[in-house]
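The values are calculated or read from the model by the stated rules, or taken from the named source; none is laboratory data. Note that the structure is a prediction, hence the values are computed from the model and not measured. Using ideal geometry, Cβ is built from the backbone for each residue, glycine included, and neighbour counts are taken over all protein chains shown.
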Amino acid sequence: MSETKQPVLLHDTLSGGKTELQTLIPGQVGIYCCGPTVYGLTHLGNTRAAVVPDVMVRFLRHEGYEVKYVRNLTDIDDKIIARANEEGVEAKDLANRFIDAYHHDLADLNLLDPDVEPRVSEHMSQIIELIESLVTLGLAYAVDGDVYYRVRSFGPYGQLSHRSLDELLEGAGSRIDVDERKESPLDFALWKAVKPDEPSWESPWGAGRPGWHIECSAMSSTHLGDTFDIHCGGRDLIFPHHENEIAQSQGAHGQGTFARYWVHNGFINFDGEKMSKSLGNFFTTRQITELYDPETVRYFLLTVHYRSGLNFELEVPCPSCGALLAKEDQESGKCPACGHESSPEVLKQRVRFPGLEDADDRLAYIYRTLAGARAFLANAKRPGNEEPPLESVSSLVEAFSAHLRNDFNTGGALGELSKPLNEVNGLLASGKGVSKAVRYRTIETIVQAMGEVAAMLGCFGQEPEAWLLRRRDSKAARIGLDVAQVEELLAQRIAARVAKDWAAADRIRDELAKWGVGVQDGPDGSVWSFL
RNA sequence: GGCGGCAUGGCCAAGUGGUUAAGGCGACGGUCUGCAAAAUCGUUACCCCCGGUUCGACUCCGGGUGCCGCCUCCA
């Protein structure tokens, strides 16, 4: 597999277009992902930024690459310190707490562990060493225990964000309070002298701590070398974070070093605007996974190309008439359509996330198909003669990977699932029109193909029956549905149907429908699910 | 103000210089069903506007309009 790889295209922010991935060492890929600053719970945007490289890593491994995946944790930072001081705890303890939460949340979403997960606090000597060499090279200067990067002396500054020094200077003067001790407003801190109530480390410039950007330069070269393949992160990191990383790393290690490709994911938008902690319009991943299966969230994030914005919508229907409430009405609680007034608590329980509902239904469809396929295989006899499976199924893996090879186009790839799944459902329902061998082989092949898809995507890999059951039960728990009671009614209904007492059967079905439960009657009994 | 991105059916969303412009949701009609549901079959787009390049553009170039982002912490 590793001998002849098909080209993988990716969009590189630096060159501004799609290029073919040519790894530094053939067959190997080094990826550095800017992980979170751990001062709060992970929000959906952070999660997307972790899921995107996760799929890249899975896919490149599937393509036969040996991948070294490094994702850092920024555990020393202004906001961590501020928050810790507010809470009256050690910054380190606060950081650790949110690191645990981060790990927990990501594991839920079936994220692979990175091969290395470096922390700033554990790379102090490398950071100091890097700053020292920048000082020695004349690219940095110390003032009163602070050390700043001398941006002007790094010629290519602005290459990633496609901005010139002049443009940047115009903005800088007007929008930030300029520290008079800096030679230029653009200069940024590599090292910050200790202030009261702050953790600090000894350095040649006195006690202090690293500035925000230096850690990624230091940790990436420590774990991937001065030059490596892919550096990824959210779009908002392009400037200044990644621009500054380039200045630091190339400043110290020379032109042509550092990341060869820059991959940046788009934002999650909420109400059409960027979801962010500073705007306060964010949802933590945990809030969402309490309502929906984590795999649903993962699937949802992958339905759209990673570079695009992903709109996260919220709907609040009126509990009385079902009309969707506008933002003002959500706050007042009064429905303009029917005049019904609801308390905030009631409305909160009614909140729906249409994108996730769709994703959940789709995932259920896929798992139901898979469950059906497995059941078929378990019961059917393997035909003696071999015949090829239906084309849509036999070509699925290739069609799917082709999309991922094209800048990790998960949205396009997911679209390739429809036809084969659809045809398999047809075969499951009836063997009309095809030979037994084709039917069997097609169903057998879809199970196998979906296994490969699962390896690439990190979705669809669970036990179908278990997933379906868990989804049903967790949703039941969420809305306070008594499953035993549902089962009881269902049993009564089955009895009524056997007795051909349609009126009673329909009455029970109506009753269940009031609870949001639907029934499906099949040749061998009835099952229930959510409407 | 500077820089960057986006604009595809009712909604979401892939994609291509010229064949039938994926897929999902929704809607409508059929099959199945005691009736339903689920599943399945069928129907549902000429790609923001104006110029240009081209034999031919939704796809390339220029302009316009609109939305979003970055320029300050941010995934």
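Is it the case that some residue within the range A:214-225 is over 23 Å from A:Asn85 (Cα atoms), within 16 Å of RNA strand B (Cβ to nearest atom), of a type in the set (Ser, Thr, Tyr) and at pLDDT 95 or above? Step through it out loud before you land on a result.
The first filter runs over the range A:214-225 and keeps only residues over 23 Å from A:Asn85 (Cα atoms), leaving A:214, A:216-225.
Checking the rest, the ones that are also within 16 Å of RNA strand B (Cβ to nearest atom) come to A:214, A:216-220.
Now narrow it down to the ones that are of a type in the set (Ser, Thr, Tyr): A:217, A:220.
Now restrict to residues that are at pLDDT 95 or above: A:217, A:220.
Looking for residues that are over 23 Å from A:Asn85 (Cα atoms), within 16 Å of RNA strand B (Cβ to nearest atom), of a type in the set (Ser, Thr, Tyr) and at pLDDT 95 or above, one finds at least one in the range A:214-225, hence yes.
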Exercise. Across the range A:1-53, what is the number of residues that are of a type in the set (Val, Ile, Thr), in a strand (DSSP E or B) and surrounded by fewer than 16 Cβ atoms within 10 Å (Cβ to Cβ)?
Worked result: 0
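Picking from A:Met450, A:Met456, which residue would you name as being closer than 15 Å to A:Tyr367 by Cα, among the aliphatic types (A, V, I, L, M) and in contact with a Ser or Thr (Cβ under 9 Å, 6 or more places away or on another chain)? Before you say what the answer is, go through the steps one by one.
Working: A:Met456 fails: closer than 15 Å to A:Tyr367 by Cα.
Testing whether each residue is closer than 15 Å to A:Tyr367 by Cα, among the aliphatic types (A, V, I, L, M) and in contact with a Ser or Thr (Cβ under 9 Å, 6 or more places away or on another chain) leaves just A:Met450.
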Problem set entry | Spans of helices (runs of 4 or more DSSP H) in the range A:324-417 with at least 2 residues of a type in the set (Val, Ile, Thr) | A:354-379
For this session: Evaluate the range A:475-486: report whether one residue or more is surrounded by 13 or more Cβ atoms within 10 Å (Cβ to Cβ) and within 10 Å of RNA strand B (Cβ to nearest atom).
Result: no
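Considering each residue of the range A:248-265, count those that are buried (at least 19 other Cβ atoms within 10 Å of the Cβ) and of a type outside the set (A, V, I, L, M, F, W, C), and give that number.
First, pick out the residues of the range A:248-265 that are buried (at least 19 other Cβ atoms within 10 Å of the Cβ): A:248-252, A:258-265.
Next, from what is left, pick out any that are of a type outside the set (A, V, I, L, M, F, W, C): A:248-251, A:260-261, A:264-265.
Matching residues across the range A:248-265 total 8.
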Exercise. Pick from the range A:36-77 the residues that are of a type in the set (Gly, Ala, Ser) and in contact with a Phe, Trp or Tyr (Cβ under 8 Å, 6 or more places away or on another chain): which of them is farthest from RNA strand B (Cβ to nearest atom)?
Worked result: A:Gly40
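Among the candidates A:Ala477, A:Ala496, A:Ala503, which residue alone is closer than 27 Å to A:Glu295 by Cβ, among the small types (Gly, Ala, Ser) and part of a helix (DSSP H, G or I)? Show your work before the answer.
Working: A:Ala496 fails: closer than 27 Å to A:Glu295 by Cβ; A:Ala503 fails: closer than 27 Å to A:Glu295 by Cβ.
Of A:Ala477, A:Ala496, A:Ala503, the one residue that is closer than 27 Å to A:Glu295 by Cβ, among the small types (Gly, Ala, Ser) and part of a helix (DSSP H, G or I) is A:Ala477.
Take the residues in the range A:23-35 that are touching a Phe, Trp or Tyr at 6+ places or on another chain (Cβ under 9 Å) and not small (Gly, Ala, Ser); name whichever of them is nearest to RNA strand B (Cβ to nearest atom). Steps first, please.
Going through the range A:23-35, the residues touching a Phe, Trp or Tyr at 6+ places or on another chain (Cβ under 9 Å) turn out to be A:23-24, A:27-33, A:35.
After this cut, where a residue has to be not small (Gly, Ala, Ser) as well, the list is A:23-24, A:28-29, A:31-33.
Details: A:Thr23: 22, A:Leu24: 24, A:Gln28: 25, A:Val29: 20, A:Ile31: 14, A:Tyr32: 12, A:Cys33: 9 Å.
Among those residues, the one meeting the criterion is A:Cys33.
Is it true that A:Leu404 is within 10 Å of RNA strand B (Cβ to nearest atom), under 25 Å from A:Ser308 (Cβ atoms) and crowded, with 20+ Cβ neighbours inside 10 Å?
Details: within 10 Å of RNA strand B (Cβ to nearest atom): no; under 25 Å from A:Ser308 (Cβ atoms): yes; crowded, with 20+ Cβ neighbours inside 10 Å: yes.
It is false that A:Leu404 is within 10 Å of RNA strand B (Cβ to nearest atom), under 25 Å from A:Ser308 (Cβ atoms) and crowded, with 20+ Cβ neighbours inside 10 Å.
For the range A:506-531, give me each residue that is part of a helix (DSSP H, G or I) and within 23 Å of A:Ala364 (Cβ to Cβ). Give the steps one after another, and end with the answer.
Residues of the range A:506-531 that are part of a helix (DSSP H, G or I), as a first pass: A:506-514.
Scanning the range A:506-531 gives A:Arg509, A:Leu512, A:Ala513, A:Lys514.
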Seminar exercise, completed: Counting only residues that are over 17 Å from A:Gln287 (Cα atoms) and either outside the structural domain of A:Asp54 (by TED's automatic domain parsing) or not β-branched (Val, Ile, Thr) (or both), the range A:85-109 contains a total of 12
For this session: Residue by residue through the range A:206-249, note down the ones that are among the hydrophobic types (A, V, I, L, M, F, W, C) and within 13 Å of A:Gln126 (Cα to Cα).
Result: A:Ile214, A:Cys216, A:Ala218, A:Met219
Exercise. Among the residues of the range A:285-326, which ones are out of contact with any Gly (no Cβ under 8 Å at 6 or more places or on another chain) and within 14 Å of RNA strand B (Cβ to nearest atom)?
Worked result: A:Thr285, A:Ile288, A:Thr296, A:Val297, A:Tyr299, A:Leu301, A:Leu314, A:Glu315, A:Gly322, A:Leu324
Seminar exercise, completed: Only one of (1) surrounded by fewer than 20 Cβ atoms within 10 Å (Cβ to Cβ); (2) of a type in the set (A, V, I, L, M, F, W, C); (3) closer than 28 Å to A:Lys92 by Cα does not apply to A:Trp191, and that is (1)
Exercise. For the range A:54-107, what are the residues that are in contact with a strand residue (DSSP E or B) (Cβ under 9 Å, 6 or more places away or on another chain), β-branched (Val, Ile, Thr) and in a helix (DSSP H, G or I)?
Worked result: A:Val57, A:Ile80, A:Ile81, A:Ile99
For this session: Output yes when any residue across the range A:168-181 is more than 15 Å from RNA strand B (Cβ to nearest atom), farther than 30 Å from A:Ala101 by Cα and either part of a loop (DSSP other than H, G, I, E, B) or aliphatic (A, V, I, L, M) (or both), and no when none is.
Result: yes
Problem set entry | Single condition A:Gln448 does not satisfy, out of (1) under 15 Å from A:Ala373 (Cβ atoms); (2) under 21 Å from the mean Cα position of the chain (by Cα); (3) part of a helix (DSSP H, G or I); (4) of a type outside the set (A, V, I, L, M) | (2)
Problem set entry | Evaluation of A:Leu377 against (1) within 14 Å of RNA strand B (Cβ to nearest atom); (2) not assigned by TED's automatic domain parsing to the domain that holds A:Pro294 (one fails), failing number | (1)
Problem set entry | Verdict on A:Lys419 being more than 29 Å from the chain's Cα centre (by Cα) and either within 16 Å of RNA strand B (Cβ to nearest atom) or modelled with pLDDT under 95 (or both) | no
Exercise. Of (1) more than 30 Å from A:Asp473 (Cα to Cα); (2) buried (at least 16 other Cβ atoms within 10 Å of the Cβ); (3) touching a residue at least 12 places away in the same chain (Cβ under 8 Å); (4) small (Gly, Ala, Ser), A:Ser435 satisfies all except one. Which?
Worked result: (2)
For this session: Quick one: in the range A:327-370, of everything that is more than 16 Å from RNA strand B (Cβ to nearest atom) and among the hydroxyl-bearing types (Ser, Thr, Tyr), which residue is surrounded by the most Cβ atoms within 10 Å (Cβ to Cβ)?
Result: A:Ser342
Exercise. Is there a residue being touching a His at 6+ places or on another chain (Cβ under 8 Å), at pLDDT 80 or above, closer than 26 Å to A:Leu414 by Cβ and among the aromatic types (Phe, Trp, Tyr) anywhere in the range A:263-274?
Worked result: no
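How about the range A:192-214: which of its residues are touching a Ser or Thr at 6+ places or on another chain (Cβ under 6 Å) and closer than 14 Å to A:Ile76 by Cα? Give the derivation first.
Narrowing the range A:192-214 to residues touching a Ser or Thr at 6+ places or on another chain (Cβ under 6 Å): A:194, A:207-209.
Within the range A:192-214, A:Val194, A:Gly208, A:Arg209 meet the criteria.
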